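Okay, structure first, notes after.
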Amino acid sequence: MPRDLYQACFEQSRDVLFCIARRADGAFVYREVNAALLRDTGLSREQIVDKTPGELLPPEQARQLEVVYAECFASGKPALIESIIDVPSGSRSWQIQLSPLRDDEGAVTGLLGAARDVTWSRDFAQQLQTVSRQLPGFFYQLQWSEGLGWRFLFVGQRVEEMFGVSQAEALADADTLLGRIHPEDRDRVLADSIEHGEQLKPWQAEFRMCHRDGRVLWVEANDLPQRLEGGTIIWTGYVNDISRRKALEAEVRVSETRYRQLVENANDIIFTVTPDGVFSYVSPNWTATLGHPVERVVGSHIGDYLHPDDLPRCQGFLEEVLTSGQPQSGIEYRVRHQDGDWRWHITNAAALRGDNGEVVAFLGIARDITERRAMEQRIRHLAQHDALTGLANRALLFEHLEQALRLAARHGEKLALLFIDLDEFKPINDRLGHAAGDEVLWTTAKRLVGGLRESDLVGRLGGDEFIALLDAPAGGEEALAVARTLCRSLAEPLQVGGQTVSVSASIGVAIYSDHAASSDDLVRAADRAMYRAKAAGRNRARLAE
């Protein structure tokens, strides 16, 4: 790679990069820094270059860095540390990779530092604590390393409710929780998890756990591994109790090899694109991340790999770099993997100029964010859907209802809403238990979805109350016909706990704008109609008055 391209990579890297030298008096000084360091610290280049850590940081933080610098300088081996740095931009948590720089004879002449801001991870953990209180399972971070074994870095608070093991116990000794894996499943689970971790593959498993009170629970675990220097593996994932689901299933039938010195620490794809959109260089990480051989990518157009829906936006992004002359960052788009899947990437780009100032290429630094987006999507799904039935929850129902009312008002159309309440549901809970009640609710949800069109929305308000929002404009008689069909479907007997039970439903129907003009009033009108259906003998539908 040409020297000017190395310099551009150093300057435009998303990660903080800096070079350290050792003066004759033994003090360490910062000789070169890139734009990311200036951005993240709020310091100017003049404030940093040729300064020691003690001149820039509080004494305790400076001493910590100087000790590691000295050890790396003396041993000639890479080092990885995590440190909190107090700078004008605030308190930052950094993960720093140090690599020795050598002369032609192999002597260490300096250090290259690559720092990644992981402040978001610390903040994200606090957010997970809040979110996890609302979820049926819990998030975790589990670490394995040679010699140290297993250690939990994070465990959600629902762990105690699920297994009788407190957060403090799990964090102090991982075996208090891992030891609760069923003896018949333990070896398989841990071996399979390590295998996926070594291959950096997403891991999914269903297995049994033993509660302290003697109960055996089925759980589902999903996690994503990452490997640190030295072979340490960290899994970030989510555990959910699937005992009820497993019980239902059982009754029904009885988941260059290292880059060069200045860029290998970034763990990103480095590439250059000509002004007309042709790849002129891609780093070896492209093959590792996306599968395509480098020699096949170089010389091809970006349109051969980008998702068609994202290509115009990416071309506009490059045009913005060209016209503004300024680096641009943060564009997210999809790239085709060799296996046909689409991977999400985020990219920074800057213009590379020739001797006379013209733009000869664009330099891009891309990072795979597929797993991050998948986790965000899963969290959004959990926040908007009922954990038992998988139907839309109250929040999502009312969001869709508000949108549907605005469209109906704009086009002068009618809109039908069905309020569904099961008849005599409580006696089933009392007589057969809550597990049986959950099975009835699950079956009800399945029948409701099966009895409506794919474009209709069905949700659970809570308990044994459901709402259906019909997609197409519908008058009272049309909606009543749909409701009566659902009544017949829901009244069919079903097997619960080895017994045949019958559960009917009373349904109230309200029409916008015949019976109400707002979402709350429309729901109340359908609710009142449902109570009239119950009063008339249950297992029937009534239109609002």
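The values are calculated or read from the model by the stated rules, or taken from the named source; none is laboratory data. Everything quoted here is computed from the prediction, not taken from an experiment. Glycine also receives a Cβ, built like all others from the backbone with ideal geometry; neighbour counts cover every protein chain displayed. Keep in mind that these areas ignore ligands, DNA and RNA; they rest on the heavy atoms of the full protein, side chains included. Shrake-Rupley method; radii C 1.70, N 1.55, O 1.52, S 1.80 Å.
Before moving on, here are some points about what is shown:
- Among the residues making up region 326-345, those that are part of a strand (DSSP E or B) and either of a type outside the set (A, V, I, L, M) or more than 20 Å from D304 (Cβ to Cβ) (or both) are Q328, S329, G330, E332, Y333, R334, R336, W342, R343, W344, H345.
- A single member of T287, T274 is out of contact with any His (no Cβ under 8 Å at 6 or more places or on another chain), modelled with pLDDT of 85 or more, over 24 Å from E320 (Cβ atoms) and not aromatic (F, W, Y), and it is T287.
- Restricting region 160-174 to residues that are farther than 15 Å from G137 by Cα and aliphatic (A, V, I, L, M), the residue that is surrounded by the most Cβ atoms within 10 Å (Cβ to Cβ) is A170.
- Taking residues in region 481-500 that are among the aliphatic types (A, V, I, L, M), and partners anywhere that are open to solvent by 60 Å² or more (accessible area, probe 1.4 Å), the pairs with Cβ atoms closer than 6 Å and at least 6 places apart or on different chains are A491/N539.
- Here P312 does not fit the description of being in contact with a helix residue (DSSP H, G or I) (Cβ under 9 Å, 6 or more places away or on another chain) and not acidic (D, E).
- Of the strands (runs of 3 or more DSSP E) lying entirely inside region 196-255, not one contains at least 3 residues that are open to solvent by 30 Å² or more (accessible area, probe 1.4 Å), over 24 Å from L153 (Cβ atoms) and in contact with a Pro (Cβ under 9 Å, 6 or more places away or on another chain).
- Candidates A445, A510, A483, A474, filtered to the one that is crowded, with 16+ Cβ neighbours inside 10 Å, more than 32 Å from the chain's Cα centre (by Cα) and part of a helix (DSSP H, G or I): A483
- Residue selected from region 452-471 under the condition more than 30 Å from the chain's Cα centre (by Cα) and open to solvent by 40 Å² or more (accessible area, probe 1.4 Å), by the criterion nearest to L490 (Cα to Cα): E465
- For region 195-203, the criterion of a residue being in contact with an Asp or Glu (Cβ under 8 Å, 6 or more places away or on another chain), of a type outside the set (F, W, Y) and at pLDDT 90 or above is satisfied by at least one position.
- When I346 is tested against the conditions (1) farther than 26 Å from R116 by Cβ; (2) in contact with a strand residue (DSSP E or B) (Cβ under 6 Å, 6 or more places away or on another chain), the lone failure is (1).
- The residues on offer are R542, R431, R532, and the sole one that is in a strand (DSSP E or B) and open to solvent by 40 Å² or more (accessible area, probe 1.4 Å) is R542.
- Region 267-295 residues that are more than 19 Å from A361 (Cα to Cα), paired with ones that are of a type in the set (A, V, I, L, M) and surrounded by fewer than 18 Cβ atoms within 10 Å (Cβ to Cβ) (beta carbon under 6 Å, 6 or more apart): T287/V294
- Members of region 105-126 found to be at pLDDT 85 or above, open to solvent by 30 Å² or more (accessible area, probe 1.4 Å) and not charged (D, E, K, R), listed by number: G106, A107, V108, T109
- A count restricted to region 401-424 and to residues that are touching a helix residue (DSSP H, G or I) at 6+ places or on another chain (Cβ under 8 Å) and open to solvent by less than 20 Å² (accessible area, probe 1.4 Å) stands at 11.
- The set of residues in region 352-400 that are of a type outside the set (V, I, T), assigned to a strand (DSSP E or B), open to solvent by 30 Å² or more (accessible area, probe 1.4 Å) and farther than 24 Å from E220 by Cβ comprises L352, R353, R367, D368.
- Checking each residue in region 486-507 for being assigned to a helix (DSSP H, G or I) and among the aliphatic types (A, V, I, L, M) picks out L486, L490.
- Filter result (over 26 Å from E11 (Cα atoms) and open to solvent by less than 60 Å² (accessible area, probe 1.4 Å)) within region 307-332: H307, D310, L311
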